[in-house]
1. Restricting the stretch 155-172 to residues that are near the ligand (Cβ under 9 Å from one of its atoms) and open to solvent by less than 40 Å² (accessible area, probe 1.4 Å), which is nearest to Gly226 (Cα to Cα)?
2. Check the stretch 46-68 and report whether any residue there is closer than 27 Å to Ala109 by Cβ and over 20 Å from the mean Cα position of the chain (by Cα).
3. May I ask you to list the residues in the stretch 110-138 that are open to solvent by 10 Å² or more (accessible area, probe 1.4 Å), under 18 Å from Lys172 (Cβ atoms) and of a type in the set (A, V, I, L, M, F, W, C)?
4. Of the residues Asp184, Asp139, Asp151, which single one is away from the ligand (no atom under 16 Å from the Cβ), part of a loop (DSSP other than H, G, I, E, B), on the phi < 0 side of the Ramachandran plot and at pLDDT 95 or above?
5. Could you list, in sequence order, the residues of the stretch 154-188 that are in contact with a Leu (Cβ under 8 Å, 6 or more places away or on another chain) and among the small types (Gly, Ala, Ser)?
6. Can you report the number of residues in the stretch 214-237 which are touching a helix residue (DSSP H, G or I) at 6+ places or on another chain (Cβ under 7 Å), polar (S, T, N, Q) and within 15 Å of the ligand (Cβ to nearest atom)?
7. What number goes with the only condition from (1) out of contact with any helix residue (DSSP H, G or I) (no Cβ under 9 Å at 6 or more places or on another chain); (2) farther than 18 Å from Asp225 by Cα; (3) basic (Lys, Arg) that Arg3 does not pass?
8. Checking the structure you have, find out if any residue of the stretch 202-213 is within 16 Å of the ligand (Cβ to nearest atom), over 24 Å from Met12 (Cβ atoms), open to solvent by less than 10 Å² (accessible area, probe 1.4 Å) and not β-branched (Val, Ile, Thr).
Amino acid sequence: MRRKLAAGNWKMNGLGSSLAELETLSKAENTRQTDILICPPATLLSRAAAMSADSQVMVGGQDCHAAITGAHTGDISAEMLRDAGAEMIILGHSERRADHNEFDEHIRAKARAVFETGLTAVICMGESLAEREADNTLDIIGGQLAGSIPDNATGENLVVAYEPIWAIGTGKVPTLAQIGEVHDFIRARLERRFGAGVGRSVRLLYGGSVKPDNAADIFSVSNVDGALVGGASLKAADFQVIIDALDAT
Ligand code: PGA
């Protein structure tokens, strides 16, 4: 049985005052069968970790460097994020791929660093609108899976997030059939590469315009084990509805 995961990515949003939202989430009567992750900006991570320490909410990073230490001005390593309280680190988000020219090989190197530090990598992948319209979605996802995941992945150190680029922050969501097709494909590829045991234990998240009003439908799709949520994770009231929808499936 895979544990469900509701993950929030605050992106470059959040000041100290935003921690009130995390406090609300941390104090909620949370469940049960669903893991909850909030990835605030790195500037808030240690305060967020302290605030959520006695709750079911985990905190995580949004990216890390592939090296553990060294002369890399402005960068943050997986070990530093762990030291600040992170349990998981998002890697390969399409915004990082686009803004920082990250390719699969960089993401794979970063994932190795995350595994080495004993944390879990949430590796993101997804097609552009042009790639979907050209009917290339599964080829793109297959390439990203092969290129960005290290060989020593397990159900504990890896979560995969399918995030169609055209659905992120746009309010556009694929049909449930489209989500299901990609998630089933990812599951089959993971089983083929890592064997059924590991392949079936890796959690698969859907991300891209998950909101309180569409979450339950998305969570009904097979091989959707949770969500990676951007905008709707910034307000505890919205994110709590998504957590509850996941918990109810
Ligand atoms: P969104 O972002 O929920 O605001 O569409 C999702 C993501 O980028 O992970």
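1. Once the filter is applied, the top-ranked residue is Ala161.
2. Kept after step one, since they are closer than 27 Å to Ala109 by Cβ, are these residues of the stretch 46-68: 46, 48-49, 58-68.
The next check asks that each one be over 20 Å from the mean Cα position of the chain (by Cα); those that pass are 67-68.
Yes, because at least one residue in the stretch 46-68 is closer than 27 Å to Ala109 by Cβ and over 20 Å from the mean Cα position of the chain (by Cα).
3. Leu129, Ala130, Ala134
4. Details: Asp184 fails: part of a loop (DSSP other than H, G, I, E, B); Asp139 fails: part of a loop (DSSP other than H, G, I, E, B).
It is Asp151.
5. Ala161
6. Residues meeting the conditions: 1.
7. With respect to (1) out of contact with any helix residue (DSSP H, G or I) (no Cβ under 9 Å at 6 or more places or on another chain); (2) farther than 18 Å from Asp225 by Cα; (3) basic (Lys, Arg), Arg3 is out only on (2).
8. yes
The values are calculated or read from the model by the stated rules, or taken from the named source; none is laboratory data. All of these numbers come straight from a predicted model, not from anything done at the bench. Backbone-built Cβ (ideal geometry, glycine too); neighbour counts: all protein chains shown. Note: areas computed on protein heavy atoms with side chains; ligands, DNA, RNA excluded. Shrake-Rupley method; radii C 1.70, N 1.55, O 1.52, S 1.80 Å.
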